[in-house]
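A.B. asks: Starting off with a structure, shown below.
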Amino acid sequence: MNERERYLPPGRGGPSPAGGDFRDMMAAFPTGVSVVTARSGTARPWGMTCSSLCSVSVDPPTLLACLRMGSPTLHAVLAGGAFAVNLLHGEAEWVAALFASGAPDRFDRVAWRPSGLTRSPALVEAAHAVADCTVERTHAAGDHMIVVGAVRSVTHLHHDSALLYGFRRYGELPRPVPAAAGDPGIGVDREE
(Lines give C-alpha, C1' and ligand atoms only; values in the text may rest on other atoms or scores of the structure.)
Protein backbone atom coordinates (compact mmCIF):
# COMPACT_ATOMS: atom_id res chain seq x y z
CA MET A 1 0.00 0.00 0.00
CA ASN A 2 1.44 3.38 -0.95
CA GLU A 3 1.09 6.55 1.15
CA ARG A 4 -1.79 7.90 -0.94
CA GLU A 5 -3.82 4.68 -0.59
CA ARG A 6 -3.30 4.63 3.17
CA TYR A 7 -5.19 7.92 3.58
CA LEU A 8 -8.05 7.46 1.13
CA PRO A 9 -11.47 8.16 2.65
CA PRO A 10 -13.78 5.17 3.32
CA GLY A 11 -15.47 3.98 0.16
CA ARG A 12 -12.51 5.02 -1.95
CA GLY A 13 -10.13 2.13 -1.72
CA GLY A 14 -10.57 0.95 1.86
CA PRO A 15 -13.20 -0.86 3.89
CA SER A 16 -15.89 1.17 5.69
CA PRO A 17 -16.76 0.54 9.32
CA ALA A 18 -19.93 -1.41 10.00
CA GLY A 19 -22.96 0.83 10.62
CA GLY A 20 -23.23 -0.33 14.23
CA ASP A 21 -19.59 0.50 14.95
CA PHE A 22 -19.99 3.98 13.53
CA ARG A 23 -23.26 4.53 15.41
CA ASP A 24 -21.60 3.43 18.69
CA MET A 25 -18.69 5.78 18.10
CA MET A 26 -20.96 8.77 17.42
CA ALA A 27 -23.17 7.91 20.41
CA ALA A 28 -20.06 8.38 22.56
CA PHE A 29 -19.57 11.93 21.25
CA PRO A 30 -21.46 14.25 23.63
CA THR A 31 -23.34 17.02 21.88
CA GLY A 32 -26.04 19.56 22.51
CA VAL A 33 -29.63 18.69 21.73
CA SER A 34 -31.92 20.75 19.55
CA VAL A 35 -35.31 20.47 17.95
CA VAL A 36 -35.50 21.70 14.37
CA THR A 37 -38.96 23.04 13.54
CA ALA A 38 -40.60 24.33 10.37
CA ARG A 39 -43.88 25.17 8.71
CA SER A 40 -44.64 25.17 5.05
CA GLY A 41 -46.75 28.30 4.60
CA THR A 42 -49.56 28.32 7.13
CA ALA A 43 -49.67 24.53 7.30
CA ARG A 44 -49.25 22.58 10.50
CA PRO A 45 -45.91 22.71 12.30
CA TRP A 46 -43.33 19.95 12.03
CA GLY A 47 -40.30 19.23 14.18
CA MET A 48 -37.67 16.64 14.96
CA THR A 49 -34.94 16.17 17.56
CA CYS A 50 -31.56 16.89 16.05
CA SER A 51 -28.11 16.50 17.57
CA SER A 52 -26.35 16.86 14.20
CA LEU A 53 -25.97 20.62 14.34
CA CYS A 54 -22.89 22.73 13.68
CA SER A 55 -21.96 26.38 13.45
CA VAL A 56 -20.46 27.19 10.06
CA SER A 57 -19.70 30.91 10.15
CA VAL A 58 -20.07 33.88 12.45
CA ASP A 59 -19.87 36.43 9.63
CA PRO A 60 -22.41 35.97 8.18
CA PRO A 61 -24.09 33.87 10.91
CA THR A 62 -24.58 30.43 9.38
CA LEU A 63 -25.26 26.95 10.75
CA LEU A 64 -26.01 23.53 9.40
CA ALA A 65 -28.38 20.81 10.52
CA CYS A 66 -28.51 17.24 9.24
CA LEU A 67 -32.09 16.02 8.81
CA ARG A 68 -33.24 12.51 7.93
CA MET A 69 -34.28 12.01 4.32
CA GLY A 70 -37.98 11.42 3.99
CA SER A 71 -38.90 13.13 7.24
CA PRO A 72 -41.94 15.44 7.18
CA THR A 73 -39.81 18.05 8.98
CA LEU A 74 -37.25 18.06 6.16
CA HIS A 75 -40.10 18.35 3.65
CA ALA A 76 -41.48 21.39 5.53
CA VAL A 77 -38.01 22.98 5.76
CA LEU A 78 -37.46 22.60 2.01
CA ALA A 79 -41.00 23.62 1.01
CA GLY A 80 -41.06 26.67 3.29
CA GLY A 81 -37.42 27.66 2.82
CA ALA A 82 -37.03 28.33 6.54
CA PHE A 83 -36.65 26.65 9.92
CA ALA A 84 -35.93 27.29 13.58
CA VAL A 85 -33.26 25.62 15.67
CA ASN A 86 -34.43 25.32 19.27
CA LEU A 87 -31.49 24.62 21.63
CA LEU A 88 -33.04 22.69 24.53
CA HIS A 89 -32.37 23.55 28.16
CA GLY A 90 -31.33 20.93 30.70
CA GLU A 91 -34.84 20.17 31.95
CA ALA A 92 -36.27 19.52 28.47
CA GLU A 93 -35.23 15.90 28.08
CA TRP A 94 -38.90 14.94 27.74
CA VAL A 95 -39.23 17.35 24.80
CA ALA A 96 -36.22 15.77 23.07
CA ALA A 97 -37.83 12.34 23.53
CA LEU A 98 -41.23 13.61 22.36
CA PHE A 99 -39.85 15.09 19.14
CA ALA A 100 -37.74 11.99 18.51
CA SER A 101 -40.85 9.80 18.86
CA GLY A 102 -42.73 11.23 15.90
CA ALA A 103 -45.90 11.56 17.99
CA PRO A 104 -48.46 13.34 15.80
CA ASP A 105 -49.67 15.53 18.70
CA ARG A 106 -46.23 16.78 19.81
CA PHE A 107 -47.04 20.45 19.14
CA ASP A 108 -50.21 20.09 21.25
CA ARG A 109 -48.04 19.00 24.19
CA VAL A 110 -45.46 21.82 24.22
CA ALA A 111 -45.69 25.60 24.39
CA TRP A 112 -44.65 27.25 21.14
CA ARG A 113 -45.17 30.40 19.13
CA PRO A 114 -44.23 31.41 15.60
CA SER A 115 -40.76 32.93 15.44
CA GLY A 116 -40.49 36.56 14.48
CA LEU A 117 -39.22 36.41 10.91
CA THR A 118 -39.88 32.99 9.36
CA ARG A 119 -42.85 32.03 11.56
CA SER A 120 -41.14 28.69 12.31
CA PRO A 121 -42.16 27.23 15.69
CA ALA A 122 -40.13 28.50 18.64
CA LEU A 123 -40.36 26.14 21.65
CA VAL A 124 -40.54 28.95 24.20
CA GLU A 125 -40.59 26.82 27.36
CA ALA A 126 -38.20 24.05 26.28
CA ALA A 127 -35.42 26.05 24.62
CA HIS A 128 -32.71 28.28 26.06
CA ALA A 129 -32.12 29.86 22.63
CA VAL A 130 -33.82 29.82 19.24
CA ALA A 131 -32.19 30.60 15.89
CA ASP A 132 -34.56 31.67 13.12
CA CYS A 133 -33.04 30.56 9.79
CA THR A 134 -33.62 30.63 6.06
CA VAL A 135 -32.33 27.84 3.84
CA GLU A 136 -29.14 28.82 2.01
CA ARG A 137 -28.36 25.47 0.36
CA THR A 138 -28.72 21.74 0.80
CA HIS A 139 -26.53 18.73 0.16
CA ALA A 140 -27.60 15.09 0.17
CA ALA A 141 -25.31 12.90 2.29
CA GLY A 142 -26.23 9.24 2.74
CA ASP A 143 -29.59 8.93 4.46
CA HIS A 144 -29.60 12.60 5.56
CA MET A 145 -29.81 16.03 4.00
CA ILE A 146 -27.35 18.71 5.13
CA VAL A 147 -29.32 21.94 5.38
CA VAL A 148 -27.23 25.11 5.55
CA GLY A 149 -29.15 27.94 7.15
CA ALA A 150 -28.56 31.67 7.26
CA VAL A 151 -29.34 32.76 10.82
CA ARG A 152 -31.71 35.74 10.59
CA SER A 153 -32.28 36.25 14.31
CA VAL A 154 -31.49 34.68 17.68
CA THR A 155 -33.75 34.76 20.72
CA HIS A 156 -32.25 33.98 24.13
CA LEU A 157 -34.71 32.59 26.63
CA HIS A 158 -34.18 32.57 30.38
CA HIS A 159 -32.87 29.14 31.33
CA ASP A 160 -29.71 28.25 33.22
CA SER A 161 -28.61 25.07 31.45
CA ALA A 162 -28.25 23.19 28.18
CA LEU A 163 -29.34 19.63 27.40
CA LEU A 164 -26.56 17.28 26.25
CA TYR A 165 -26.65 13.79 24.78
CA GLY A 166 -23.82 11.26 24.79
CA PHE A 167 -23.28 7.58 25.53
CA ARG A 168 -27.01 7.12 24.78
CA ARG A 169 -28.14 9.20 27.73
CA TYR A 170 -29.02 12.79 28.49
CA GLY A 171 -27.12 15.13 30.75
CA GLU A 172 -27.17 18.76 31.69
CA LEU A 173 -24.56 21.47 31.39
CA PRO A 174 -25.24 24.34 33.81
CA ARG A 175 -24.37 27.89 32.86
CA PRO A 176 -21.15 29.05 34.48
CA VAL A 177 -21.39 31.42 37.40
CA PRO A 178 -19.97 34.80 36.38
CA ALA A 179 -16.64 35.70 37.99
CA ALA A 180 -16.68 38.47 40.58
CA ALA A 181 -15.54 41.92 39.42
CA GLY A 182 -11.76 42.04 39.20
CA ASP A 183 -11.48 38.22 39.36
CA PRO A 184 -9.88 36.94 36.13
CA GLY A 185 -11.55 33.57 36.58
CA ILE A 186 -10.02 30.12 36.58
CA GLY A 187 -8.75 28.82 33.28
CA VAL A 188 -9.41 32.03 31.39
CA ASP A 189 -6.70 32.87 28.87
CA ARG A 190 -5.66 36.49 29.17
CA GLU A 191 -3.16 38.46 27.22
CA GLU A 192 -0.94 40.50 29.54
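A.B. asks: Rank-order 159-170, 38-49 by packing density, defined as the average count of other C-beta atoms within 10 Å over each peptide's residues, highest first.
C.D. replies: Top to bottom by mean Cβ count within 10 Å: 38-49, 159-170.
A.B. asks: Same structure, new question: Residue separation times 0.36 nm, minus the C-alpha to C-alpha distance between Trp94 and Ser57: what's the value?
C.D. replies: So the extension gain works out to 10.3 nm.
A.B. asks: Apply the Karplus parameterisation 6.51 cos²θ - 1.76 cosθ + 1.60, with θ equal to phi minus 60°, to every residue of segment 91-106 and state each ³J(HN,Hα) to the nearest whole Hz, in sequence, with x for glycine and proline.
C.D. replies: 9, 9, 4, 5, 6, 4, 5, 4, 6, 7, 6, x, 4, x, 9, 4
A.B. asks: Quick one: if the Förster radius is 35 Å, what FRET efficiency do Ala111 and Ala141 give, using the C-beta to C-beta distance and rounding to 0.05?
C.D. replies: Numbers: r = 33 Å, r/R0 = 0.95.
Computed FRET efficiency for Ala111 and Ala141: 0.60.
A.B. asks: Provide the gained length on full extension for the span Thr155 to Leu173, in nm with one decimal, where the gain is 0.36 nm per separating residue minus the Cα-Cα distance.
C.D. replies: Here the segment from Thr155 to Leu173 would lengthen by 4.5 nm.
A.B. asks: Indicate the gyration tensor shape class of segment 79-154 (rounded, prolate or oblate), computed on the Cα atoms with a ≥ b ≥ c the square roots of the eigenvalues: a/c under 1.5 is rounded; otherwise a/b larger than b/c is prolate and the rest oblate.
C.D. replies: oblate
A.B. asks: Specify the inter-centroid distance of segment 56-78 and segment 116-138, based on alpha-carbon positions, in whole Å.
C.D. replies: Going from one Cα centre to the other spans 11 Å.
A.B. asks: Hey, what's segment 99-175 come to in accessible area per residue, 1.4 Å probe, Å²?
C.D. replies: That works out to 58 Å² for each residue.
A.B. asks: I'd like to compare 62-71, 140-149: which one has the highest average count of other Cβ atoms within 10 Å, and what's the full order after that? Write out the running numbers ahead of the final one.
C.D. replies: Values: 62-71: 17.2, 140-149: 15.6.
Ranked by mean Cβ neighbours within 10 Å, highest first: 62-71, 140-149.
A.B. asks: I need the phi-derived Karplus couplings for segment 40-46: 6.51 cos²θ - 1.76 cosθ + 1.60, θ = phi - 60°, integer Hz, Gly and Pro marked x.
C.D. replies: In residue order, the calculated couplings are 9, x, 9, 5, 4, x, 10 Hz.
The values are calculated or read from the model by the stated rules, or taken from the named source; none is laboratory data. Since the model is a prediction, treat every value here as computed from it, not as a measurement. Positions of Cβ are backbone-derived with ideal geometry, glycine not excepted, and every protein chain shown enters the neighbour counts. Only protein heavy atoms, including side chains, enter the accessible area calculation; ligands, DNA and RNA are left aside. Shrake-Rupley method; radii C 1.70, N 1.55, O 1.52, S 1.80 Å.
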